[in-house]
Amino acid sequence: MKKISLLILIIPFLSSYGQTASIKGKVISDKAQPVIGANLILSGTNFGDASDIKGNFEIRNIPFGVYNLEASCIGYGKRIIKNITVNQSTKSFTIVLKETAFETEQVIISASKYEQKLQDITASTAIIQPDYINRRNFISFDDMLRYIPGVQMNLEQVSIRGSSGYSKGVGARVLVAINGIPLYAGDNGDVVWELIPLSDIERVEVIKGPASSLYGSSAIGGVINIITKSKVQSPVTYFKNYIGVYDKPVHEQWDWDNKYRTFYGVELTHSGTTENLGYTFSFKKFDNMSYRQNDYYKRYLGHVKLSYSLTPDNYLLFFSNYLYSNRGNFLYWKDSRNALVPKDDENGNYVLSNRIFSGLIYHHKFSEKLSGEVKTSYYRTNFDGYGLEVTSSTANLFRGELLTNYIASDKVILTTGLEAAYSDVASNIFQNPEFFGAGAYFQAEYKGIDKLIASFGLRYDYIKIDTLIGKNALTPRIGFNYKLHDDIVLRGSIGTGFRAPTPAEVFTSTAVGGGVGVKENPNLTSETSLSFELGAQYKYSSRINFDMAFFQTEYNNFIEPNLTKEGDIQFINLTKARIQGIETILEWSIIPEELKVTVGYNYLWARDIEKNKSMKYRPRNSVYAQIKYSPGQFDFGVDFRHWSRIEEIDNALVEPPLALVVDGDKRVPVYVTDITAGYNFLIWNIPAKIYLNAKNIFNYNYVEFIGNIAPIRNVSLSTEIYF
Amino acid sequence: MHKYFFAFVLAVLFCLNSCDTGIEPGEPIVPGGFSGTVTFSGTWPEGIKRTHLVVFKNPIQTTEDFFLPNLSFVVDSIPYKSSFYKFDSLEMSFVSILQLWPGEYKYVVVAQSKTPEISFQRKDWTVVGVYCINNDQSKPASLVIRSDQVTPNVNINVDFNNPPPQPPM
């Protein structure tokens, strides 16, 4: 009897002892792409597997029991699934790993027209990963730029380290490129940020400082290079929508509408792949009532990208973006008592525009040492502004570039290129000028000395604007990167830059309201610069990184808008301007992949040497701080930015006798705080995200440009799914 | 721990931001005006194409000061060979974009030009009368403009036989 009882007791153990089962599943990214090579380990055991090319895994012969499953992969956050019961009914799992920012050593950038590690570059560079854009629900690319130390936005005009003030986007000093192809309009040279497809961004590279020796005229202040995503591994459809609302203004007398003003958007993107062809189609609609009267917009963006692999090393890449926009034309407030209302005679003005930007890149690898690219693009811009009179402009810009990279030896990499651009303009405000520019560039990187990387670049440009005399420019640059210690990297550069005036700066002749006009200036000439930078990166530990840079740029013939004695605005050449500054950035991963703090501080000393006063719209002090906390599937974040009060503005537009912008001298230091909360989850095995964003949570009123209150407190809810 | 860290950061930011709300509505400022009479004596020069009463914010130090932005207001053209001219700036603005904002204007003159078109060259203008103290044209008087008010009795005597000192040409 005892024996029978003992048998009854041990049978269950015997039946489970030696019984094994498997855990199967699939590892996908938060964008529904298979994660290849992810490590899957049962905690405290030797049982594990790696995901295959489709993200599938299977851990076999696991004794029955309860386990924790750890999933990890480089470039993704680690995930632990607790208390998995392994028995005969074990199910398969879909594990979603969140993409994380790469460590510095791993980032490869191509802003220097060849691929190099971020830690090897000779200029200050910032990298922005796409998850930051989604997490913060940035609707337009320029919204995101406001949070990068050293980058300043004055309304829609970007400035890196004080390179630009504000001139309604005309004559940008920062070259913005998509896959290395410049995105500036043929007439006024501005950048239309809404044309950039945010959902197709792989990364953004921001070079802080002149890059004319590689990119030519428009890069005198820096480069923002947007790299689009590479081919997906499996078909995926991305759907995003958001809806938001502006709070009431702080001051009751500003509440012009007595309603909550809303904004919303919807986006559908499908990417797929066949054996050789990768494709992406995207459509986006965004609509914003705005917190200001007559500041609404309705926009539609279409994006197509085709990537065809001729061989494993040679490919064709085609992309095309089309943007249609209908927006109110808010220029200045009526006065500070009516800060969200335009001037009476400008109320109702609107602008219709459409733009198409297409690029074709052919990449050919001749050998392990020699590769080349042909880049062509076409950018057509058209707008019609409706007010008391109709202003219109249509510009066609054609570009072509031939680029080669040659690895001459282990120590020398050579980059050479030829570039040409032509544009024609038909406009009743810019007249009908033609533009032609051509350039040739050469760059050598030398690694022959231990711990030292030296680079030398030289570019020649020829620019001809319509009937004006053609201008030549030669822009050399030298730079170095020296690993002083395992944890300390020094970098420095000195170089020249130049910027040719755009057709708009030379030929614009129109009224801007209030009886003030813009007057052409055929005598406008190119501005030139001499820049110097010295920086250091110090890696205090694997968690703390510190970067500091001192920079100085001397400008000659700096182009700025100016009030003439006839009462018109005209672009003129200032004799001299000097911009000096210090930039510091501290990154601290308090808990790796979970809690990270980034703090940046910039000191900028920008002077008009001729008049011995500050340059317009350049804050002397700016502070940026970000805290990102991502426990598990949650995301929390706080972003803070501060600018000191702008010292110099367009006084002539604000002060008597013109006083075009009543109370336009009202400006304050900027303090903006945003908060984010998000949750990543699976719905029917489909990765989904939901984010709540509250921007300008303290409803602080400030201006980036005279008479233009920046967005007041607003809250948005966005959802994304990948299926 | 992390929650406390977050709360601390938010508290600091709240303190930074709660001090003020940034830009606030200002008090309304309305342009003002002035009125008076310009009296002419002596013989008008030949060939005068235009005569204006002109208000400058500051005295003319350089030739550039004769134009914007120092040029603050221009009264309608005074008819040729007038013996006197009564004016009210609110009703007689020659340049519509210019308004007289409250403040002190230190140089108010009558100026003439012989060019067929309006000239922006200093040399093309002659100052023939100055709003001055005790009829001493070498001592310009200041014109004070108050918000939404008209400053009366801004009278200027133009004596073609006794021209005032000319500002820098």
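Just a few scattered comments:
- Members of region A:433-472 found to be among the polar types (S, T, N, Q), surrounded by 15 or more Cβ atoms within 10 Å (Cβ to Cβ) and either over 30 Å from A:Ile413 (Cβ atoms) or out of contact with any Asp or Glu (no Cβ under 7 Å at 6 or more places or on another chain) (or both), listed by number: A:Gln443
- Filter result for the condition that a residue is within 19 Å of B:Ile48 (Cβ to Cβ) and within 13 Å of chain A (Cβ to nearest Cβ), over B:Phe73, B:Phe84, B:Phe94, B:Phe67: B:Phe94
- Options A:Pro669, A:Pro657; residue that is out of contact with any Gly (no Cβ under 6 Å at 6 or more places or on another chain), in contact (Cβ under 8 Å) with a residue 24 or more places away in the chain and over 30 Å from A:Asp131 (Cβ atoms): A:Pro669
- Every residue from region A:348-364 that is more than 29 Å from the chain's Cα centre (by Cα) and either within 14 Å of chain B (Cβ to nearest Cβ) or surrounded by fewer than 16 Cβ atoms within 10 Å (Cβ to Cβ) (or both): A:Gly348
- Checking each residue in region B:27-56 for being touching a Ser or Thr at 6+ places or on another chain (Cβ under 9 Å), in a strand (DSSP E or B) and of a type in the set (Val, Ile, Thr) picks out B:Val38, B:Thr39, B:Thr51, B:Val54, B:Val55.
- Scope region B:103-123; condition farther than 23 Å from B:Asp159 by Cβ, within 12 Å of chain A (Cβ to nearest Cβ) and in contact with a strand residue (DSSP E or B) (Cβ under 9 Å, 6 or more places away or on another chain); matching residues: B:Gly103, B:Glu104, B:Ile118, B:Ser119
- Test set (1) in contact with a helix residue (DSSP H, G or I) (Cβ under 7 Å, 6 or more places away or on another chain); (2) more than 12 Å from every other protein chain (Cβ to nearest Cβ); (3) outside any strand (DSSP E or B) - A:Ile646 fails condition number: (1)
- In region A:57-92, the residue that is surrounded by the most Cβ atoms within 10 Å (Cβ to Cβ) out of those that are over 17 Å from A:Phe47 (Cβ atoms) and of a type in the set (Gly, Ala, Ser) is A:Gly77.
- Considering A:Ala652, A:Ala710, A:Ala659, A:Ala688, the condition of being closer than 30 Å to A:Ile28 by Cα and either surrounded by 19 or more Cβ atoms within 10 Å (Cβ to Cβ) or not assigned by TED's automatic domain parsing to the domain that holds A:Tyr624 (or both) is satisfied by A:Ala688 alone.
- Here the strands (runs of 3 or more DSSP E) wholly within region A:76-190 that include at least 3 residues being under 24 Å from A:Asn321 (Cα atoms) and among the aliphatic types (A, V, I, L, M) are A:174-178.
- Looking at A:Ile227, A:Ile207, just one residue is in a strand (DSSP E or B) and closer than 30 Å to A:Asn472 by Cα, and that residue is A:Ile207.
- Test: residue in region A:666-678 that is surrounded by 16 or more Cβ atoms within 10 Å (Cβ to Cβ), under 21 Å from the mean Cα position of the chain (by Cα) and either at pLDDT below 90 or charged (D, E, K, R) (or both): yes
- Residue match in region A:480-491 (condition: within 23 Å of A:Ser217 (Cβ to Cβ), in the same structural domain as A:Asn573 (by TED's automatic domain parsing) and among the hydroxyl-bearing types (Ser, Thr, Tyr)): no
- Of the residues A:Gly567, A:Gly535, the single one that is within 14 Å of chain B (Cβ to nearest Cβ) and crowded, with 21+ Cβ neighbours inside 10 Å is A:Gly567.
- When we screen B:Gly32, B:Gly22 for residues that are modelled with pLDDT of 90 or more, touching a strand residue (DSSP E or B) at 6+ places or on another chain (Cβ under 8 Å) and farther than 15 Å from A:His642 by Cα, the only hit is B:Gly32.
- Residue under evaluation A:Ala652, criteria (1) modelled with pLDDT under 90; (2) more than 9 Å from chain B (Cβ to nearest Cβ), criterion not met: (2)
- Within region B:150-169, tally of residues that are surrounded by 17 or more Cβ atoms within 10 Å (Cβ to Cβ) and either in a helix (DSSP H, G or I) or charged (D, E, K, R) (or both): 0
- Yes/no for A:Asp635 being at negative phi, touching a residue at least 12 places away in the same chain (Cβ under 8 Å) and away from chain B (no Cβ under 12 Å): yes
- Here A:Lys305 passes the criteria (1) touching a Pro at 6+ places or on another chain (Cβ under 8 Å); (2) surrounded by 15 or more Cβ atoms within 10 Å (Cβ to Cβ); (3) of a type in the set (D, E, K, R) except the one numbered (1).
- Residues satisfying the stated conditions in region A:321-347, i.e. at pLDDT below 95 and surrounded by fewer than 17 Cβ atoms within 10 Å (Cβ to Cβ): A:Asp344, A:Asp345, A:Asn347
- Those residues of region B:131-149 which are crowded, with 16+ Cβ neighbours inside 10 Å and within 16 Å of the chain's Cα centre (by Cα), in sequence order: B:Tyr131, B:Cys132, B:Pro140, B:Ala141, B:Leu143, B:Ile145
- Within the option set A:Lys519, A:Lys451, being more than 30 Å from A:Leu653 (Cβ to Cβ) and basic (Lys, Arg) holds for one residue only, A:Lys451.
- Enumeration of residues in region A:251-285 that are crowded, with 19+ Cβ neighbours inside 10 Å and within 14 Å of chain B (Cβ to nearest Cβ): A:Trp254
- Criterion violated by B:Thr126 - all others in (1) within 13 Å of chain A (Cβ to nearest Cβ); (2) surrounded by fewer than 20 Cβ atoms within 10 Å (Cβ to Cβ); (3) more than 30 Å from A:Leu340 (Cβ to Cβ) satisfied: (1)
- In summary, A:Val170 fulfils each of the numbered conditions (1) outside the structural domain of A:Leu534 (by TED's automatic domain parsing); (2) modelled with pLDDT of 85 or more; (3) hydrophobic (A, V, I, L, M, F, W, C) with the single exception of condition (2).
- Test: residue in region A:226-234 that is buried (at least 24 other Cβ atoms within 10 Å of the Cβ) and in contact with a helix residue (DSSP H, G or I) (Cβ under 6 Å, 6 or more places away or on another chain): no
- Counting the residues of region A:1-54 that are hydroxyl-bearing (Ser, Thr, Tyr) and either at pLDDT below 80 or closer than 30 Å to A:Thr269 by Cα (or both) gives 6.
The values are calculated or read from the model by the stated rules, or taken from the named source; none is laboratory data. All figures in this text were calculated on a predicted structure; none of them were measured in a lab. FYI the Cβ positions are ideal-geometry reconstructions off the backbone, even for glycines, and counts take in every protein chain you see.
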